[in-house]
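Enquirer: My structure is below; once you've seen it, I'll send some questions.
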Amino acid sequence: MEGEQEWLSDASLNIPLIQDHERRQISDIGPNNNNVTTSFLKTCFNGLNALSGVGILSVPYALASGGWLSLSLLFAIAAVAFYSGILMKRCMEKNSNIRTYPDIGELAFGKIGRLIVSISMYTELYLVSIGFLILEGDNLSNLFPIDEFDIFGISIGSKQFFVILVALIILPTVWLDNLSLLSYVSASGVFASAIIVLSISWTAAFDGIGFKQKGILVNLSGIPTAVSLYAFCYCAHPVFPTLYNSMKNKHQFSNVLIVCFILTTAGYASMAIIGYLMFGSKVESQITLNLPLNKISSRIAIYTTLVNPISKFALMATPITNALKDLLPRAYKNHRITNIFVSTVLVITNVIIALCVPFFGYLMSMVGASLSVTASILLPCLCYLRISGTYRNCGFETVTIVAIIVVAIVIGIFGTYTSIVEIVQNL
């Protein structure tokens, strides 16, 4: 077993890295990296695709939860997430063998570090996949409301029906072994986010809704929810090592992060402001649920919203299925039937939870507080302190990183608690 492992050559650390078949599990969530280098522009595009997601639908609700002043927290979280991305780059510069996020965790804290990073990543991917199903069910039932009906004595409502229907549509894509085609399809997410913002803006400006709501300055009780949802928007850090290693000129990765974070933050902030001015405190957890269905611009926004998660679901699920297959005896790992069975069971569990906890905003808030904060802020800071050795010196950078860690822990605790309470109250 040890002969199959690669070893880090760092002077102070001698830790076995992940095996190749395990490394590919994590690489599946980012652009394909088969010794193919990419340009600065292409890496920027891939980074934008990773950062722009369904979070754009919930930022108006986040702003409505916390009030106008909470918008400053969006920029603060964006700045901290950018800085933690820079810290990840510095960690990767320490050793050329690092290929994935768990590699960084293992370089810093050994097998325990790899385990913690992997659990955070897989759990986040799993819950985001559930969020996709909830989003699809909410929007489709809003577009095509149907009466409740019974099947084998089980009562099925409109949302439940569409969650199950979308899962059946998605299922064959999860069976695929090669997701290179789907990765190209999912790259449309960058354009999809722009289309959503533009079409919703058109609905407000030209279809009669207008920007009439004033909103409130601050709502302290809603700050935990707002912060958690803002954090969810910046949960792409597991992909950063893949992007870094794919670049022709890795020294430009900092510039890639600057471009990606500025553009995505501008998009998130614009959507938050537009949505809050349109609907005020009545904005839904998904702004598409507020849109008038008789307007073409609204339907464009909703249809764009619906297509994007379907194309990305398999990319989220594949790293999890690969990890689950790796737990099986060697004789069953590479069987086609095994892949289909594990993938199907995974989707079934996604559907069950989506039906039991059909609260998109609360679920994404919990993901943001408990997992996005951990994976995108807390772990990069801890890993950098350990790998760089700066924790031994009480300098400005060390104090700054420790302060970020403390704030991240507080956000994680209060945000997760608030989200769980809201979910329980609405069950």
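Yes/no per residue for (1) part of a loop (DSSP other than H, G, I, E, B); (2) of a type outside the set (S, T, N, Q); (3) modelled with pLDDT under 75:
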residue	(1), (2), (3)
Ile18	yes, yes, yes
Gly30	yes, yes, yes
Asn34	yes, no, yes
Phe45	no, yes, no
Leu57	no, yes, no
Ala64	no, yes, no
Leu71	no, yes, no
Val80	no, yes, no
Arg90	no, yes, no
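Enquirer: Right, something else. Return the residues of segment 215-250 that are more than 28 Å from Pro319 (Cα to Cα) and in a helix (DSSP H, G or I); say none if nothing qualifies.
Expert: Within segment 215-250, Leu220, Ser221, Gly222, Ile223, Pro224, Thr225, Ala226 meet the criteria.
Enquirer: Within segment 315-324, is even one residue buried (at least 21 other Cβ atoms within 10 Å of the Cβ), of a type in the set (Gly, Ala, Ser) and farther than 16 Å from Ala204 by Cα?
Expert: Yes, segment 315-324 has at least one match.
Enquirer: Filter segment 271-300 for residues that are among the small types (Gly, Ala, Ser) and crowded, with 24+ Cβ neighbours inside 10 Å; which is farthest from the chain's Cα centre (by Cα)?
Expert: Gly275
Enquirer: Could you please give the count of residues in segment 199-215 that are of a type outside the set (Phe, Trp, Tyr) and either touching a Ser or Thr at 6+ places or on another chain (Cβ under 7 Å) or surrounded by 15 or more Cβ atoms within 10 Å (Cβ to Cβ) (or both)?
Expert: Qualifying residue count, segment 199-215: 9.
Enquirer: Need pairs with beta-carbon distance below 6 Å; first residue free of Cβ contacts under 8 Å to residues at least 40 places away in the same chain and under 14 Å from Val174 (Cβ atoms) and within segment 324-346, second among the aromatic types (Phe, Trp, Tyr) and surrounded by 10 or more Cβ atoms within 10 Å (Cβ to Cβ); sequence gap 6+ or separate chains.
Expert: Thr338/Tyr332
Enquirer: Additional query: Of all residues in segment 92-111, which are of a type in the set (A, V, I, L, M, F, W, C) and at pLDDT below 90?
Expert: If the condition is that a residue be of a type in the set (A, V, I, L, M, F, W, C) and at pLDDT below 90, then Ile98 is the only one that fits.
Enquirer: Within segment 82-96, is there a residue that is buried (at least 19 other Cβ atoms within 10 Å of the Cβ) and closer than 21 Å to Met366 by Cβ?
Expert: The answer is yes, given that some residue of segment 82-96 is buried (at least 19 other Cβ atoms within 10 Å of the Cβ) and closer than 21 Å to Met366 by Cβ.
Enquirer: While we're on this one: Out of all the residues in segment 92-115, which are part of a helix (DSSP H, G or I) and not aliphatic (A, V, I, L, M)?
Expert: Glu93, Tyr101, Pro102, Asp103, Gly105, Glu106, Phe109, Gly110, Lys111, Gly113, Arg114
The values are calculated or read from the model by the stated rules, or taken from the named source; none is laboratory data. Treat the numbers as computed from the prediction; the structure is a model and nothing was measured. Positions of Cβ are backbone-derived with ideal geometry, glycine not excepted, and every protein chain shown enters the neighbour counts.
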